[in-house]
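Visitor: Following this message is one structure expressed as structure tokens.
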Amino acid sequence: MNNKLDYIAIDFETANQYRNSACSVGLVRFIDGKEVDSCYSLIHPAKMYFIPEWTETIHHISYNDVRNKPYFPEIWDTMVMPFVNKTPGVPLVAHNGNMFDMPVIQSCCEYFGMDVPKLEYFDSLVVAKKTWPELESHRLTELGAHFGIEYLAHDALEDSRTCGQIIKLAADKWGVSSVEELLKACGSPIRAF
């Protein structure tokens, strides 16, 4: 890991409760805490599960939106990994990533018989809880509202962007200038697959 405030925020939306049903992904690269580029794609879920109304009302992605989109392996190999590999050694960050986004990657890789990538990551939810313990909620939507970040919740690209902005705000609050220092201040180790 480098010693700057460099990270790639990532977010997935899933078609339903199954972690292998990824239906969109968004990534935003932050260098020195500033957004420099991003990418987004819809994904054909592993099995074309019926997309229940409850998930469609959350992320507004329908069966028709994804039925002709590429499957996870193609998106991963042609978009996600090339985007990540542009800045070697830069960790991923996801909000509630320990419980959701990283299991999505693992489940999709397992379903398609792909090797789980060797990536480092940390969870912005953990960072937020340590940085602002006084807040009642540390959900991304609540943090966004608290800090005046206007965004479309449950859109993978918008969630990634907001996650990255929260990390910059946390670093500013702690008075640190690198991911390593931020995680040390929060008592949160970098994790790896």
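Visitor: Suppose we filter the stretch 148-193 for residues that are more than 19 Å from the chain's Cα centre (by Cα) and of a type in the set (V, I, T); how many remain?
Guide: 1
Visitor: Still on this structure, please answer the following. I'm checking my understanding of the structure. Among residues of the stretch 104-124 that are in a loop (DSSP other than H, G, I, E, B) and of a type in the set (A, V, I, L, M), which one is nearest to S178 (Cα to Cα)?
Guide: L119
Visitor: Additional query: Does the stretch 86-95 hold any residues that are under 19 Å from A15 (Cα atoms) and open to solvent by 10 Å² or more (accessible area, probe 1.4 Å), and which are they? Working first, answer last.
Guide: In the first step, residues of the stretch 86-95 are kept if they are under 19 Å from A15 (Cα atoms); the result is 94-95.
Within the stretch 86-95, just H95 meets the criteria.
Visitor: Looking at A153, A128, A170, A94, which one is at pLDDT below 95, in contact with a Leu (Cβ under 9 Å, 6 or more places away or on another chain) and of a type in the set (G, A, S)?
Guide: Only one candidate passes the filter, namely A153.
Visitor: Are there any pairs with C-beta distances below 7 angstrom linking a residue in the stretch 178-193 that is polar (S, T, N, Q) to a residue that is open to solvent by 60 Å² or more (accessible area, probe 1.4 Å), with the two at least 6 apart or on different chains, and if so which?
Guide: Pairs that qualify, where the first residue is polar (S, T, N, Q) and the partner is open to solvent by 60 Å² or more (accessible area, probe 1.4 Å), are S178/N3; S178/K4; S188/K130.
Visitor: Another question, if that's okay. Is there any pair with a first residue in the stretch 57-82 that is in contact (Cβ under 8 Å) with a residue 24 or more places away in the chain and a second that is part of a helix (DSSP H, G or I) and surrounded by 12 or more Cβ atoms within 10 Å (Cβ to Cβ) whose Cβ atoms are under 6 Å apart and which are 6 or more apart or on different chains, and what are they?
Guide: Every condition considered, the pairs that remain are F72/C108.
Visitor: Right, here's the next one. With open to solvent by 60 Å² or more (accessible area, probe 1.4 Å) and among the hydrophobic types (A, V, I, L, M, F, W, C) as the only criterion, which of F193, F122, F83, F100 stands out?
Guide: Result: F193 is the single residue among F193, F122, F83, F100 that is open to solvent by 60 Å² or more (accessible area, probe 1.4 Å) and among the hydrophobic types (A, V, I, L, M, F, W, C).
Visitor: Could you run through the stretch 104-158 and say how many residues are touching a residue at least 60 places away in the same chain (Cβ under 8 Å) and hydrophobic (A, V, I, L, M, F, W, C)?
Guide: Final tally of qualifying residues: 11.
Visitor: Out of the strands (runs of 3 or more DSSP E) lying entirely within the stretch 1-47, which hold 1 or more residues that are exposed (fewer than 15 other Cβ atoms within 10 Å of the Cβ)?
Guide: Here the list reads 34-42.
Visitor: If you go through the stretch 48-66, how many residues are at pLDDT below 85, open to solvent by 40 Å² or more (accessible area, probe 1.4 Å) and in a helix (DSSP H, G or I)?
Guide: Here the count works out to 7.
The values are calculated or read from the model by the stated rules, or taken from the named source; none is laboratory data. Since the model is a prediction, treat every value here as computed from it, not as a measurement. Counting neighbours? That spans all protein chains shown, and the Cβs are built from the backbone with ideal geometry, glycine included. What goes into the accessible areas is simple: the full protein's heavy atoms, side chains included, and nothing from ligands, DNA or RNA. Shrake-Rupley method; radii C 1.70, N 1.55, O 1.52, S 1.80 Å.
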